[in-house]
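First comes the structure, then the notes that go with it.
The values are calculated or read from the model by the stated rules, or taken from the named source; none is laboratory data. Note that the structure is a prediction, hence the values are computed from the model and not measured. Here the Cβ positions follow ideal geometry from the backbone for every residue, glycine too, while neighbour counts run over all protein chains shown.
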Amino acid sequence: MSTEPYDAALHAHGDTHGHGSRLGYRIGSLLAIVLTVVPFWLVMSQPGPAPGWTAAAIFALALIQIVVHVVCFLHLDTRSEGGWTLLAFLFTAVIVIITIGGSVWVMFHLNTNMMPMPGGHMGPVR
Amino acid sequence: MTDHALNARDTGTTWHLAEQEDHDHGGNGATVLGFWIYLMSDALIFASLFAMFGVVSTSYAGGPVPREIFDLKLVALNTAFLLASSITFGEAMPHLEAGRVGPTRFWLAITGLLGLAFVGVELYEFSHLIAEGAGPQRSAFLSAFFTLVGTHGAHVTVGLIWIAASLVQIGQHGLIQPMKRRLICLSMFWHFLDIIWIGVFTFVYLYGVIR
């Protein structure tokens, strides 16, 4: 690692925050607006149940927007705090994916394979 | 509460990391990293709430389904308020770094007003849902909905209190170094809440309406 980025980090007041370039921040704002408007337009322009690709598209756009916010607004990069913020973020991302994805996956299969209840509807937890 | 923790870090032992890199910054590095860790733990709380919502999101118990009760125009308005408030907070940051009190307070106040509008619209939505019989006790789906969205709203409300306190404190002390550090943490908190809202409007509202 060259000394130049280290020096930049050393002299940046406000540490991980606020010293990101204004250009990066403007691009981030613009991207955030576009990435918010597009999914709303996708859903609101077609009333009723939408095809599967719409759901896939809005989730993909949300993921992209989260990355844009984290990079442009929270200024997460490999250098801030000696990489510890990035490490903490990646660790959290893994736990979040396991928690949400795992819960939905397991419970979906549990619901699908559940024995029908007498006198009641088979289906998700109520 | 947070201030106590910050002050304790100031007067107490500093990390070797802070000694090496931030000796002239009042230990900002350690505080910002600590606050980042807090945000990550808060993200885990929201992850568990999202997981719960995901599991029961179709458990309507014969009650209303998302398509019948969610007003996407209202959600779009709310999303615009929160995203705009995130952008206006970003406008305050260069003024904060340069130590310009007036513009910092101006943009912070705008951020607070947009946040207030967000909470106002959300409370209107909640009262509207409860009035038409879609309260949290109606079905597992609605319980999870009110818990997840309500927890986010509570966070935004705490952020509003923090913004109001900061506006008063800037007036009293000016933009001294501890004040800058608190505002850096506040800006991280505020941007973080906007990131959580991306998950809420996508997973809860948009996906709820099209499924």
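Within the option set A:Val67, A:Val43, A:Val94, A:Val71, being in a helix (DSSP H, G or I) and within 11 Å of the chain's Cα centre (by Cα) holds for one residue only, A:Val67. Considering (1) at pLDDT below 90; (2) on the phi > 0 side of the Ramachandran plot; (3) touching a Lys or Arg at 6+ places or on another chain (Cβ under 6 Å), the lone condition that B:Asn28 does not fulfil carries the number (2).
When A:Ala50 is tested against (1) in contact (Cβ under 8 Å) with a residue 12 or more places away in the chain; (2) farther than 17 Å from B:Val200 by Cα, exactly one condition is not met: (1). Could you run through the stretch A:53-64 and say how many residues are over 16 Å from the mean Cα position of the chain (by Cα) and either without any contact (Cβ under 8 Å) to a residue 12 or more places away in the chain or in a loop (DSSP other than H, G, I, E, B) (or both)? Going through the stretch A:53-64 one residue at a time, the tally reaches 1.
Going through (1) buried (at least 19 other Cβ atoms within 10 Å of the Cβ); (2) closer than 16 Å to B:Leu39 by Cβ; (3) free of Cβ contacts under 8 Å to residues at least 12 places away in the same chain; (4) not aromatic (Phe, Trp, Tyr) one by one, A:Ile100 falls short only on (2).
Would you check if A:Ala9 is at pLDDT below 50, of a type in the set (A, V, I, L, M), in contact with a Ser or Thr (Cβ under 9 Å, 6 or more places away or on another chain) and part of a helix (DSSP H, G or I)? For A:Ala9, the condition - at pLDDT below 50, of a type in the set (A, V, I, L, M), in contact with a Ser or Thr (Cβ under 9 Å, 6 or more places away or on another chain) and part of a helix (DSSP H, G or I) - is met.
The set of residues from the stretch B:163-185 being of a type in the set (A, V, I, L, M, F, W, C) and either touching a residue at least 40 places away in the same chain (Cβ under 8 Å) or farther than 22 Å from B:Glu122 by Cβ (or both) comprises B:Ile163, B:Ala164, B:Leu167, B:Val168, B:Ile170, B:Leu175, B:Ile176, B:Met179, B:Leu183, B:Ile184, B:Cys185. Within the stretch A:71-82, being surrounded by 12 or more Cβ atoms within 10 Å (Cβ to Cβ) and more than 7 Å from every other protein chain (Cβ to nearest Cβ) holds for A:Val71, A:Cys72, A:His75, A:Leu76, A:Asp77, A:Arg79, A:Ser80.
In the set (1) part of a helix (DSSP H, G or I); (2) modelled with pLDDT under 95; (3) out of contact with any helix residue (DSSP H, G or I) (no Cβ under 8 Å at 6 or more places or on another chain), the condition left unmet by B:Gly62 is number (1). Does B:Leu82 meet the test of being in a helix (DSSP H, G or I), within 11 Å of chain A (Cβ to nearest Cβ), of a type outside the set (Gly, Ala, Ser) and under 26 Å from A:Ser45 (Cα atoms)? Yes, satisfied. Annotation: of all residues in the stretch A:13-40 being facing chain B (nearest Cβ under 9 Å) and not in a helix (DSSP H, G or I), the one that is modelled with the highest pLDDT is A:Gly20. Cβ-Cβ distances below 7 Å connect the following pairs, each with a first residue in the stretch B:39-65 that is more than 7 Å from chain A (Cβ to nearest Cβ), a second residue that is assigned to a helix (DSSP H, G or I) and surrounded by fewer than 18 Cβ atoms within 10 Å (Cβ to Cβ), and a separation of six or more residues or different chains: B:Leu49/B:Thr147; B:Leu49/B:Thr151. Of the numbered criteria (1) surrounded by fewer than 18 Cβ atoms within 10 Å (Cβ to Cβ); (2) of a type outside the set (Asp, Glu); (3) within 10 Å of chain A (Cβ to nearest Cβ), the one B:Val75 fails is (1).
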